[in-house]
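Have a look at the structure below, then the notes.
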């Protein structure tokens, strides 16, 4: 396994940002190190008039750092072109444009002696890393050893002074490299399908949008597109020359972001893609940008329409029936903490009131939601068949569940469908009005079973907890410890999948939060411990794991 060094701000600003943001560090991350420099002759002001002269740092440790980094990139690309056609293309893609390097060099030079020790150390570390990588001759174990040695070397280096990559550097990049403000939308609106429906260059585009999937601010371009008919439309940036981001905003430039993608498995390396379900006449603003400030260049936005399966009005009924079959088979094999198979099966059922909300939303949004739900029903039926055929073999059942949960065969239902369900659940199930916090104004000091009990239905979704998936009705109670000690709080005896948290004030930060108790003894119920001083007050919050988890609860509190 190749190993990459991600050493604070140094790596990001020298080009080692990470575009593969799936959180998986078990494989070699994809590098977001910038783009080949575009032809700057006609589009960018002469850098001599906008940035200090780079000659002042020629031969400096900063320049040594840059050269050693580029040597390292060359060795890495020689071992693995990472999706590029050849090593030279890989190297060109990873190296920051010369104009950005000029801004960096000027910033380092301006910092003077404050940055000297840092860049001497970094230059030595990069040179050693590049030499080690070259000597490893692409052997995975040897490369790992190089990475571990380099880790220690980088950690030993002083941090880069904050003044280096501060306002002066940002101003230099924005004015001398990227240019001024952009406009939105740009060019003519379109309803076309095909390759390069929109294309151009993001240089001098300005920083107009803050996208949820961005690494750092990047120049962006925005275009208006309208669906020519109802369907599923896929937008991608295949054919662009840099590490792209692609987003869609609802209706107008100030609209809500409805999609954002950094790296997509469906298109080339470091390119972006997503699919939207749209009705005829629906308008979106498509925004293309780079992963960070050094990612810009030629882009194209391609748009295609996917065939949808025929909607099935009985799809929801089929899906629920299939999931009930799977639950029945699983409960017959292992009831977990339940006393009967009926109790086990009932636990997985969504409340009838919630299913009614889903039914209404499905009917209202049938033309666009129907096909995704039809697809989901087919997957659920395949899953149920798999579980029933497993014959209680636990490994086979696990594989059935993994295949079902992680399948990406179906498009997501449209946002309007989900919003309709959420609104219905908020008003009909959890209640439109917020509940009192705490529910017991007088507080309690009692211990034992069911110190607090009741139902979360109509409780209101008032708090956001640090565990669970959110969106569930909650109840909050004030409790004070009479004696110093460690106390166990749990929801044993509750009828739904609970989340339990402690806060130091109503709607304060969680001091503890638990979804499923450790060890599995309580199944999907919750348990946590807290060491408290005599007279210390906490606010105990109980809610469901998700919007469909609500019902009767009890909170037990006992000293250890």
Seminar exercise, completed: When residue 442 is run through (1) in a loop (DSSP other than H, G, I, E, B); (2) assigned by TED's automatic domain parsing to the domain that holds residue 509, the failure sits at (2)
Seminar exercise, completed: Exception for residue 535 within (1) loosely packed, with under 14 Cβ neighbours inside 10 Å; (2) under 28 Å from the mean Cα position of the chain (by Cα); (3) on the phi > 0 side of the Ramachandran plot falls at (2)
Problem set entry | Residue in region 218-227 that is in contact (Cβ under 8 Å) with a residue 12 or more places away in the chain, in a loop (DSSP other than H, G, I, E, B) and under 21 Å from residue 368 (Cα atoms) present | yes
Problem set entry | The listed residue being surrounded by 24 or more Cβ atoms within 10 Å (Cβ to Cβ), assigned to a loop (DSSP other than H, G, I, E, B) and touching a residue at least 12 places away in the same chain (Cβ under 8 Å), out of 264, 212, 240 | 240
Exercise. Looking at region 458-489, which of its residues are farther than 15 Å from residue 506 by Cα and assigned to a strand (DSSP E or B)?
Worked result: 485, 486, 487, 488, 489
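Every residue, every condition in (1) assigned to a strand (DSSP E or B); (2) touching a residue at least 24 places away in the same chain (Cβ under 8 Å); (3) more than 23 Å from residue 431 (Cα to Cα), yes or no:
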| position | (1), (2), (3) |
| --- | --- |
| 500 | yes, yes, no |
| 507 | no, yes, no |
| 512 | yes, no, yes |
| 524 | no, yes, yes |
| 529 | yes, yes, yes |
| 556 | yes, yes, yes |
For this session: Read through the list (1) assigned by TED's automatic domain parsing to the domain that holds residue 231; (2) more than 30 Å from residue 270 (Cβ to Cβ), then give the number of the only condition that residue 299 fails.
Result: (2)
Exercise. Which of the residues spanning region 366-378 are closer than 13 Å to residue 411 by Cβ and touching a helix residue (DSSP H, G or I) at 6+ places or on another chain (Cβ under 6 Å)?
Worked result: 369, 373, 374, 376
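I need the full set of residues from region 291-321 which are in contact with a helix residue (DSSP H, G or I) (Cβ under 9 Å, 6 or more places away or on another chain) and modelled with pLDDT of 90 or more, in order please.
Answer for region 291-321, where residues must be in contact with a helix residue (DSSP H, G or I) (Cβ under 9 Å, 6 or more places away or on another chain) and modelled with pLDDT of 90 or more: 312, 313, 314, 315, 316, 317, 318, 319, 320, 321.
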Exercise. Name the residues in region 419-439 that are at pLDDT 85 or above, assigned to a helix (DSSP H, G or I) and surrounded by 15 or more Cβ atoms within 10 Å (Cβ to Cβ), would you?
Worked result: 420, 421, 424
Exercise. Restricting attention to region 450-457, does a residue exist that is surrounded by fewer than 19 Cβ atoms within 10 Å (Cβ to Cβ) and part of a loop (DSSP other than H, G, I, E, B)?
Worked result: yes
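Results for (1) at pLDDT 80 or above; (2) over 22 Å from residue 150 (Cβ atoms), shown as yes or no for each residue.
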residue: 51; (1), (2): no, yes
residue: 58; (1), (2): no, yes
residue: 61; (1), (2): yes, no
residue: 82; (1), (2): no, no
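The values are calculated or read from the model by the stated rules, or taken from the named source; none is laboratory data. Note that this is a predicted model, so its numbers are computed, not measured. Reconstructed Cβ throughout: ideal geometry from the backbone, glycine too, with neighbour counts over all protein chains shown.
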